[in-house]
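The values are calculated or read from the model by the stated rules, or taken from the named source; none is laboratory data. As the structure is a computational prediction, the values presented were derived from the model and not from experiment. Reconstructed Cβ throughout: ideal geometry from the backbone, glycine too, with neighbour counts over all protein chains shown.
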Amino acid sequence: MPEILKYLKQHGERLDSDISKATGLSLEKVRSGVQALTATGEIIMCKLTRFEEGKPVEGWLCRVSGYIPPAAPGRKAKARV
């Protein structure tokens, strides 16, 4: 579970399949870990259906609860008047 939370803090919102590939855990372990972290309120998860080549692909979209990533470095756009 700590590796799932750490990965989401580093990379932001991700699909469960992406988390599985990056951490080396099986998809079943990632999903059980996500359910446990959702129950404690540490992450937020929603079910997602994407269509790839006309076929529906089910997945879970996860992000850390209440975490706002730091702003990107560099110049910021000025307000247009």
Next on the checklist: Given the criteria crowded, with 16+ Cβ neighbours inside 10 Å, out of contact with any Cys (no Cβ under 7 Å at 6 or more places or on another chain) and among the hydrophobic types (A, V, I, L, M, F, W, C), does Leu25 qualify?
Outcome noted: yes
Checklist entry - Within the group Ala77, Ala22, which residue is at pLDDT below 90 and of a type in the set (A, V, I, L, M)? => result Ala77
Checklist entry - Is segment 55-67 home to any residue that is among the aromatic types (Phe, Trp, Tyr), surrounded by 15 or more Cβ atoms within 10 Å (Cβ to Cβ) and in contact (Cβ under 8 Å) with a residue 12 or more places away in the chain? => result yes
Item to check | segment 37-53, residues that are in contact with a helix residue (DSSP H, G or I) (Cβ under 7 Å, 6 or more places away or on another chain), outside any loop (DSSP other than H, G, I, E, B) and not β-branched (Val, Ile, Thr) | outcome: Leu37, Met45
Next on the checklist: Among the residues of segment 56-64, are any among the charged types (D, E, K, R) and assigned to a loop (DSSP other than H, G, I, E, B)?
Outcome noted: no
Checklist outcome for this item: Of (1) of a type in the set (A, V, I, L, M, F, W, C); (2) over 22 Å from Ile4 (Cβ atoms); (3) under 12 Å from the mean Cα position of the chain (by Cα), Cys62 satisfies every one except (2)
Item to check | Evaluation of Leu8 against (1) touching a residue at least 12 places away in the same chain (Cβ under 8 Å); (2) assigned to a helix (DSSP H, G or I); (3) under 15 Å from Arg63 (Cβ atoms); (4) over 10 Å from the mean Cα position of the chain (by Cα) (one fails), failing number | outcome: (4)
